[in-house]
Amino acid sequence: MLVELEWMRAHGQWVALAAHPESAIAKRAQEAGILFYPLRTHKALLPFEVVRLAAWLVANRIDLVNTHSSNDGWLAGTAAWLAGRTLIRSRHIEVDYPNRFWSGIAFRFLPHHLITTSQVIANRLVEELGVSPLRVSCISTGVDLGKCEPALKGNLRVELGLAPDVALVGMISVLRSWKGHATFLEAAAHLLQSAKRPIRFIIAGDGPGRQELTDKISQEPWKNHVTLLGHRNDVPNVLASLDVLVLPSYAHEGIPQIILQAQAMARAVVATKVGGIPEVVEDGVTGLIIPPRNPEALAEKITTLLDDPGLRARLGQAARENVVKHHSIDAMGERLLALYEKVR
């Protein structure tokens with residue numbers, strides 16, 4: 001969201017962010033000099049907040065509102081409807097819609113248009129909720145090619161005190177069960193028994209699954225072979241240090257930003273055939289694809305890549321070319337701006 005706001009501002013658009021005042025994005029937006037509106041999301045205050053936000057939208061002559069999650073979708077969506085403003089609802093992950101009535105209101109009635117990060121999500125909105133295909137656009141999140149540069153030399157081996165010949169295989173994601181960390185660790189256990197060279201397995205990120213992961217990797221066979229880095233602000237440095245990035249998710253994925261970032265840096269990727277991942281990871285062309293929850297297949301593909309530097313380079317270069325052409329920040333921004341101009 002911040003990338004979008006900053007791109008729009010740099011291209012002459014007036015932008016503002018409405019969010020919970022204690023959220024991380026609120027702090028970062030204010031540091032960037034973006035006008036900020038504090039949302040009060042307590043349930044008891046919602047009717048008043050809807051009216052207050054609607055008045056703010058009118059007073060500031062806002063043309064268009066884009067919401068990005070369930071809570072703000074209802075709150076800001078209702079306020080935009082009340083204020084007579086164009087509403088766009090963005091959908092980033094693939095989920096089920098158990099309550100078709102309320103989901104129909106949220107996605108078919110309130111918004112004027114929907115944006116998804118993958119075609120899979122768009123298709124489900126059309127097929128399951130009856131949204132018109134003309135009211136759905138697929139626009140993946142753009143990658144900052146200036147930061148995700150293949151020539152960057154990572155220093156993670158130095159930071160961890162590892163020899164240059166140690167292979168680094170890593171996951172970078174929020175620590176949630178559906179991201180597939182359990183599959184990653186099972187694959188790591190296989191590789192620790194069969195690998196031809198020393199491997200250090202890296203997990204970067206934070207989230208509700210941190211304690212469970214910390215406890216698990218303190219045991220054999222992962223002890224001293226798996227490093228949990230926690231949240232990192234230097235993701236390009238971590239990616240530049242990796243020989244292989246893996247994302248063994250088994251649910252909810254649109255087009256994961258970390259895959260696009262890794263591909264922009266010409267890293268080899270192994271990922272699952274889940275959600276929108278196959279839209280950017282073409283098996284054998286821009287990465288390798290495996291079935292979800294299959295640690296044996298993951299271990300096999302990691303081995304294939306570690307044993308063949310030429311294959312890693314070819315997959316990485318093809319992936320980089322695809323990201324530069326279709327998934328840069330400029331490509332995202334230009335498509336968003338054209339859509340905003342069309343629907344407002």
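The values are calculated or read from the model by the stated rules, or taken from the named source; none is laboratory data. For clarity, every value in this text was computed on a predicted model and none was experimentally measured. Cβ sites come from the backbone with ideal geometry, for glycine too, and all protein chains shown count toward neighbours. Accessible surface is based on the protein model in full, side chains and every heavy atom, while ligands, DNA and RNA are left aside. Shrake-Rupley method; radii C 1.70, N 1.55, O 1.52, S 1.80 Å.
Brief remarks on what is shown
- In the stretch 1-15, residue most open to solvent (accessible area, probe 1.4 Å) [restricted to those that are hydrophobic (A, V, I, L, M, F, W, C) and part of a loop (DSSP other than H, G, I, E, B)]: 14
- Scanning the stretch 211-251 for residues that are out of contact with any Leu (no Cβ under 7 Å at 6 or more places or on another chain), open to solvent by less than 30 Å² (accessible area, probe 1.4 Å) and part of a loop (DSSP other than H, G, I, E, B) yields a count of 2.
- For the stretch 29-50, filtering for residues that are under 17 Å from residue 68 (Cα atoms) and under 23 Å from the mean Cα position of the chain (by Cα) leaves 1.
- Residues of the stretch 94-125 classified as in a loop (DSSP other than H, G, I, E, B), open to solvent by 70 Å² or more (accessible area, probe 1.4 Å) and under 21 Å from residue 178 (Cα atoms), total: 2
- Restricted to the stretch 55-69, and to residues there that are at pLDDT 95 or above and out of contact with any helix residue (DSSP H, G or I) (no Cβ under 9 Å at 6 or more places or on another chain), the residue that is least open to solvent (accessible area, probe 1.4 Å) is 60.
- When 161, 170, 146, 154 are checked against the criterion of being among the small types (Gly, Ala, Ser) and buried (at least 20 other Cβ atoms within 10 Å of the Cβ), 170 stands alone in meeting it.
- Subset tally (residues that are part of a helix (DSSP H, G or I) and either touching a Lys or Arg at 6+ places or on another chain (Cβ under 7 Å) or of a type in the set (Asp, Glu) (or both)) for the stretch 126-138: 3
- Residues that are in contact (Cβ under 8 Å) with a residue 24 or more places away in the chain, out of contact with any helix residue (DSSP H, G or I) (no Cβ under 8 Å at 6 or more places or on another chain) and not in a loop (DSSP other than H, G, I, E, B), drawn from the stretch 252-305: 257, 272, 301
- Restricting 173, 137, 132 to those that are more than 25 Å from residue 325 (Cα to Cα) and either of a type in the set (Ser, Thr, Tyr) or modelled with pLDDT under 95 (or both) reduces the list to 132.
- Residue check, residue 179 more than 16 Å from residue 267 (Cβ to Cβ) and either among the basic types (Lys, Arg) or buried (at least 21 other Cβ atoms within 10 Å of the Cβ) (or both): yes
- Single condition residue 37 does not satisfy, out of (1) over 27 Å from residue 117 (Cβ atoms); (2) touching a helix residue (DSSP H, G or I) at 6+ places or on another chain (Cβ under 9 Å); (3) modelled with pLDDT of 95 or more: (1)
- Taken over the stretch 70-87, residues that are under 19 Å from the mean Cα position of the chain (by Cα) and buried (at least 16 other Cβ atoms within 10 Å of the Cβ) amount to 2.
- Residue 185 meets the conditions (1) open to solvent by 10 Å² or more (accessible area, probe 1.4 Å); (2) assigned to a helix (DSSP H, G or I); (3) closer than 21 Å to residue 216 by Cα; (4) touching a Leu at 6+ places or on another chain (Cβ under 9 Å) in every case but one. The failed one is (1).
- One residue from 54, 18 being of a type in the set (Gly, Ala, Ser) and in a helix (DSSP H, G or I): 54
- Flag if residue 91 is surrounded by 15 or more Cβ atoms within 10 Å (Cβ to Cβ), touching a strand residue (DSSP E or B) at 6+ places or on another chain (Cβ under 8 Å), more than 22 Å from residue 275 (Cβ to Cβ) and not acidic (Asp, Glu): no
- Search result, residues across the stretch 194-210 that are outside any strand (DSSP E or B) and at pLDDT 95 or above: 198, 205, 206, 207, 208, 209, 210
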